[in-house]
Amino acid sequence: MRIDIITLFPDMFGPVLDGSMLGIARERGHLETHLHDLRGWALPGVHRQVDDSPYGGGPGMVLRPEPVFAAVREVQTMAEPRGTVVLLTPQGERFDQAHAESFAEIERLVLVCGRYEGFDERIRTLADIQVSVGDYVLSGGELGAMIVIDAVSRLLPGVLGGETSAQEESFSLGLLEYPQYTRPPVFEGMSVPDVLVSGDHARIARWRRSQSVERTSRLRPDMLESARLTNEERALVARDATEAGMPQDEETR
Ligand code: ADE
């Protein structure tokens, strides 16, 4: 996969792209990243301007459309195929695992990071999709872009140790992860559950699945609606919710 990143702060990406999982993914050729400094498409003049004050007044500066349009158009000519343009903005769709999975299928992404108080509204027309990494306002799209790159790259075939480790993750199934343990078997009085050292793989798989369902039901009941549960699991979740005195929606009743 190729990811082009258009940003005013390319230096922010170095440690993340060179870091463990992404560094290895790039070294092994699963991921190619190209940083493009938006300043390179600044308006002509000594100030290399990329922003301006907002029409109608108000605080701060707004990214002008010309540099961003020029950058996206030129970056698109740098490789085949045309990249899917992803604009990082708090007004975008909330980026989640389903987005990560669909982006991981795409051959080329062009991530556009906004800055300053915002960007000229016309810039949105460049985007195939606008995404937000959460309901808070960052000082720019760079950290959001890094989140997207990390979440997508670890799903690329061959990037994680086991081919299936990312797909098998419970989050991909719409559930929270089951509890994990490693050595020592007892730490400060806390023991590893017996089932995990039983060597009975079928029992371990059932235990993990039931832990995932139980945790999701307790900590993130909102996720259960779209999770793929068996009828038996749905019944268990509904029973637990009744016992806990929680209000239930039509689906789980
Ligand atoms: N830029 C500023 N805030 C952002 C957010 N929450 N997600 C993506 N890009 C952003």
Is it true that S198 is outside the structural domain of D96 (by TED's automatic domain parsing), among the polar types (S, T, N, Q) and modelled with pLDDT of 90 or more? yes
Would you pick out the residues in the range 216-249 that are under 29 Å from the mean Cα position of the chain (by Cα) and not in a helix (DSSP H, G or I)? R220, A227, R228, L229, T230, D249
Among the residues of the range 49-83, which ones are open to solvent by less than 60 Å² (accessible area, probe 1.4 Å), more than 16 Å from the ligand (Cβ to nearest atom) and not in a loop (DSSP other than H, G, I, E, B)? D52, P65, P67, F69, A70, A71, V72, V75, Q76
Inside the range 97-116, can you point out the residues that are polar (S, T, N, Q) and in contact (Cβ under 8 Å) with a residue 40 or more places away in the chain? Q97
Hits in the range 187-218 - residues which are on the phi < 0 side of the Ramachandran plot and open to solvent by 90 Å² or more (accessible area, probe 1.4 Å): F187, M190, D194, V197, H201, R203, R206, R218
Does G40 satisfy being modelled with pLDDT under 95 and surrounded by fewer than 15 Cβ atoms within 10 Å (Cβ to Cβ)? no
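The values are calculated or read from the model by the stated rules, or taken from the named source; none is laboratory data. Not measured: the values here are computed from a predicted model. In this analysis, Cβ positions are derived from the backbone assuming ideal geometry, glycine residues included, and neighbour counts consider all displayed protein chains. These accessible areas exclude ligands, DNA and RNA; they are computed on the full protein's heavy atoms, side chains included. Shrake-Rupley method; radii C 1.70, N 1.55, O 1.52, S 1.80 Å.
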